[in-house]
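No value in this document is a laboratory result; all are computed from the given coordinates. Not measured: the values here are computed from a predicted model. FYI the Cβ positions are ideal-geometry reconstructions off the backbone, even for glycines, and counts take in every protein chain you see.
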Amino acid sequence: MPVITNIADLKRIHERRVPRMFYDYAESGSWTEQTFRENTTDFEQIRLRQKVAVDMSGRSTAGKMIGQDVTMPVALAPVGLTGMQHADGEIKAARAAEAFGVPYTLSTMSINSIEDVAEATTKPFWFQLYTMNDTDYTSRLIQRAKDAGCSALVITLDLQLLGQRHKDLKNGLSAPPKLTARTIANLATKWAWGIEMLGAKRREFGNIVGHVDGIDDPASLGAWTAQQFDLTLDWSKISKLMEQWGGKVILKGILDPEDAKMAVKVGADAITVSNHGGRQLDGALSSIRMLTPILDAVGGDIEVHLDSGIRSGQDVLKALAMGANGTMIGRSYIYGLGAMGQKGVSTALEVIRKELDMTMALCGETNVANLGRHNLLIPQGFEGTWQD
Ligand SMILES: Cc1cc2nc3c(=O)[nH]c(=O)nc-3n(C[C@H](O)[C@H](O)[C@H](O)COP(=O)(O)O)c2cc1C
C-alpha cells in the first residue's frame, strides 16, 4: 500500500489506474489551459505569516456552509462523469463526504442518478443543476432533487455551452467509452478499473438516459450540451428556477463583481466564485484573484464560496483568510476517487484537513472562523490593474 501524504500522490495513482480518456477529462482546461494553470499558480503567490508563542491547543476547523454544520468548510464540487473515474463513483464520493461531515454535490451530468445517491446515503446532499431546453425535463429534475431530500440547489451559470478541451475531442470522450482500436489498447492496461466497472450500477448518464428523448448520441457529453443546454438562460430565468426550487440556492460560476451583485439581488443564499476549474473561458482570471473584488462588491450581503485550483489545506486556508466563507474542491477529490475509490476520497479530505489544521496552528490561529488577511502576505497588485 503506498504512503499517501499529499494530493499529488493521489493524482499519480489516478493517472496510472484510470483509462486515459477519463484521466484527461479531469486533467484538462479549455484551449491553451492558461486559466487552468493560473488557478493553482496564483495560490502559490500568496504567502503565510508565521506566528509563534501562541497556545495552539483545542483547534477547530469546523464551521457552517449555508447554515449547515461542516467539519471543515470544504464541499465536494459537482463533477460530471464521476462514475467513470471509479465504478459507482458518485455513491462512493457521497458516502465519503457524509462520513467526513462535509457536503457532497451531485452533478446533473453524473453516472449514478439522484435516486441512486439518495438511496446509498443517509444525509441530504446538494444537487447541481444545468438548465436544458426541455423545460419539462428541467422541472422534473428539480422535483426529483426535492423528492430525494437535497438540501441545496447549486445552479451552474458558466456552462451554457461547453468550453473546448482539446484532449476530450481527440480522445472521443464518451460514457461508456466507445470501443476503438485506441481505447481497447488503453483499456487493456486498466484491467482493475474494468473489472470494477463491470459490476457498476450504471455506466451511462443516470439523470438523463431514460428521462429525456431526442438526443442523437446519448453517450457523448459534447452532444448533450450542444443539443440540450439552454442558451437563453438569464437572470429572470434564474429567479424562476429559484422559485420553483423554494429552498437554499447556490449560484456557481460567478467571476465578476457585477454578476455577484445580481446574485444578491435575486436572493441567492450563496455564490461560488469559480471559473469551472479553468474548463470554460480560457483567459479569465483565477478565482483566487477575483475573490477580493467580488467580496468588496457584495459587502457581506451573501455567503461567498470559492473553488478552482485548491490542491491543499493551505489553499483552503488562503481562500478563507482572504474572506471566503467556504470552499469547494473538484479535482483534489477526483484524484482520490480514481486512485482508490471511496477510501481515496476520504484520504483526500483527511490530507486537506490535516494541512489546514497544521497551517492554521503555525499561523497562530486555533479556529478557522478567526482567519483573516492578517494571516497572509499578498503580493502588491495581486488582483492586477486591468483596463476596461
Ligand atoms: C472533470 C470535471 C467535471 C466537472 N463537471 C462539472 C459539472 O458537471 N457541473 C459543474 O457545475 N461543475 C463541474 N465541474 C467544475 C467543478 O464543479 C469545480 O468548479 C472545479 O472542479 C473546481 O476546480 P478544481 O478542480 O481546480 O478544484 C467539473 C470539473 C471537473 C474537473
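Which length gain, in nm to one decimal place, applies between His166 and Val54 when the Cα-Cα distance is subtracted from 0.36 nm times their residue separation? Kindly include the intermediate steps, with their values, before the conclusion.
Working: separation 112, 0.36 × 112 = 40.32 nm, distance 5.00 nm.
Full extension of this stretch gives 35.3 nm more.
Over 19 Å between Cα atoms, which of Lys167/Lys201; Lys201/Lys248; Lys92/Lys343; Lys123/Lys354; Lys146/Lys201 qualify?
Those over the limit are Lys167/Lys201; Lys201/Lys248; Lys123/Lys354; Lys146/Lys201.
Calculate, in nm to one decimal, what Glu15 and Thr135 gain on full extension: separation in residues at 0.36 nm each, minus their alpha carbon distance.
Here the answer is 39.4 nm.
Local charge sum around Cys150 (other residues, Cβ-Cβ under 10 Å, Lys/Arg +1, Asp/Glu -1)?
+2
Would you kindly derive the ³J(HN,Hα) couplings of region 206-213 from the backbone phi angles with the Karplus curve 6.51 cos²θ - 1.76 cosθ + 1.60 (θ = phi - 60°), listing them in order in whole Hz, with x for Gly and Pro?
x, 7, 10, 4, x, 10, 8, 10
Among the lysines, which have Cα under 18 Å from the Cα of Lys190 when same-chain residues fewer than 8 positions away are ignored?
By straight Cα distance, Lys190 reaches Lys11, Lys178.
Under a Cβ-Cβ cut-off of 11 Å, what is the net charge of the residues other than Glu38 that fall near it, where Lys and Arg count +1 and Asp and Glu count -1?
Within the 11 Å Cβ shell, the charges total -2.
Compute a Gaussian network model of the chain, connecting alpha carbons closer than 10 Å, and tell me which residue from Val304, Val52, Val18 fluctuates the most.
Val52
State the Cα centre-to-centre distance between region 22-51 and region 252-285 in whole Å.
Cα centroid to Cα centroid, the span is 17 Å.
Quick check on the chain: of the DSSP beta bridges with both residues there, what percent are antiparallel, nearest 5%?
Working: 6 of 31 bridges.
If I count the DSSP bridges inside the chain, around 20 percent turn out antiparallel.
With springs only between Cα atoms under 10 Å, which of Gln314, Gln45, Gln160 fluctuates most in a Gaussian network model of the chain?
Gln45
For the chain, set up a GNM with springs between Cα atoms under 10 Å and report which of Leu337, Leu141, Leu179 has the largest fluctuation.
Leu179
Starting with the highest mean, order 382-388, 113-119, 58-64, 345-351 by the number of other Cβ atoms within 10 Å, averaged over the residues of each peptide.
The peptides rank, most packed first, as 345-351, 113-119, 58-64, 382-388.
Regarding region 245-354, what's the average projected area of the Cα-atom convex hull, expressed in nm²?
One quarter of the hull surface, i.e. the mean projection, equals 7.7 nm².
7 Å from Cα along Cα→Cβ at both Gln244 and Thr122: what's the point-to-point distance in nm?
Result: 3.4 nm between the two label points.
Need one number for region 7-377: average projected area of the convex hull over its C-alpha atoms, nm².
17.1
State the extension gain, in nm to one decimal, for the chain segment bounded by Trp386 and Thr189, taking 0.36 nm per residue of separation less the distance between their alpha-carbons.
Net length gain for the segment: 66.1 nm.
Just tell me, in residue order, which DSSP H segments of the chain are both 20 angstrom or longer along the helix axis (alpha-carbon based) and at least 0.0 in mean Kyte-Doolittle hydropathy.
Span-like helices here: 331-362.
Given N residues in region 143-300, what is its alpha carbon radius of gyration divided by 2.2 N^0.38 Å?
Computed over Cα atoms of region 143-300, the ratio equals 1.26.
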